[in-house]
Amino acid sequence: MTDLRVRKLRFGFADYPVPFVWNATDPAFSCAANMLSFLFLAVEKMINATVHEAMPLITDQAIAEEALAFVRQEGQHSMAHRQHVKGLIKAYPALQKILDDMMAVYDDLTANESVKYRLAYVADLEATFTPTFTMMLNNADTLFAPGDDRVASLFLWHFVEEIEHRSSALMIYDAVVGDPWYRMRLAPAVFQHTGMAIDRAVCGFNERLTLEERRVDATSMYGSPYLKTMLAQRFPVLRKTRLFDVADNGPVEKIYPHVPVREQASAALGVMRSQLPGHDPAKHKLPALAAEWLERYEAGYDVTRWYTADTQSPDG
Ligand SMILES: [Fe+2]
Ligand SMILES: [Fe+2]
């Protein structure tokens, strides 16, 4: 029997306008999290289709149950990110194009790649979430607490459940494909594909929003153009060379300015390790905030307003 719980949460994105820079103290992280909402929405639709396609191939009843609970959790995430994205598009209609692009990228993957390829893709990607989201949860006081509570609470919930179902994608992959070397060999292609989708989203933010709306170059945290732009901004003389003749989309911010370098390095190492054969996500220690979140949820706390539920009445 699976331990996964399917929690249906909604975050009030239709109640009042959704700001693009939802954490005013960290516009680069705001851009990055917004990008993740667009990306997750599309990726989780692909996961849903892929796992349902693989279901008839899963003969072990316990794994079939886990797979079903896993896609149900992902389905809830996708729905909640859709509400966030809808709120963003309502406030910034030009962002509709980003949603269309993301959906097209992953619909195309679903239509043109084999189930084996997609199961490996999902297992590779999901394996990176536990180390990176652990780092983010451990630094929630700077990344989430100062922000719009709807966006912050959406990401806290999603990250907690990603860590909760950290073994699911690998379990499904092992049951259906079972070749750890194929998964590892595929990793560079998977990250190249995800990187391409991320570049499209963050470059789209730069193109479609004014600097006043996004406050920073949206490629600051993710997206391959940021390194070139950052170097060109630090050393203007480089702009005279064709290689560094890059558009100025505003300031390129430092990644995770408040997160200790040691924690960033440990997350990066965790991502690398997660791709190796024999990797067992179950061994990962649950971050303190994830344990607290699960406990509070069980106690009936309003986790959709994680930082403000204690200070506001349910009516506002
Ligand atoms: Fe998810
Ligand atoms: Fe997931």
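Rule-based calculations on the coordinates, nothing more; no lab input. Given the structure is predicted, the values throughout are model-derived calculations rather than measurements. Note that each Cβ is placed from the backbone with ideal geometry, even for glycine, and that neighbours are counted across all protein chains shown.
See the values below:
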quantity	calculated
Overall dimensions of segment 1-137 as given by Cα atoms, namely Rg and Dmax in Å	16.3, 50
Separation of the Thr142 and Val6 label points, Cα + 7 Å toward Cβ, nm	3.9
Over the chain, volume per residue of the alpha carbon convex hull, in Å³	137
Mean projected area (nm²) of the alpha-carbon convex hull when segment 1-53 is viewed from all directions	5.7
Once the Cα gyration tensor of segment 47-205 is diagonalised, semi-axes √(5λ) in Å	27, 19, 15
Links that overshoot a 24 Å alpha carbon limit, given the list Lys8/Lys86; Lys45/Lys116; Lys8/Lys97; Lys8/Lys45	Lys8/Lys97
Burial ordering of Met102, Met136, fewest other beta-carbon atoms within 10 Å first	Met136, Met102
Unit Cα scatterers, Debye sum, segment 76-116: log10 I(q)/I(0) for q = 0.15, 0.20, 0.31, 0.35 Å⁻¹	-0.45, -0.69, -1.00, -1.06
Rg followed by Dmax, in Å, when segment 125-173 is reduced to its Cα trace	11.9, 38
Candidate aspartates and glutamates - alpha carbon under 16 Å from Lys90, same-chain residues fewer than 8 apart omitted	Asp15, Asp100, Glu213
Measure of compaction for segment 254-316 (Cα Rg per 2.2 N^0.38 Å)	1.60
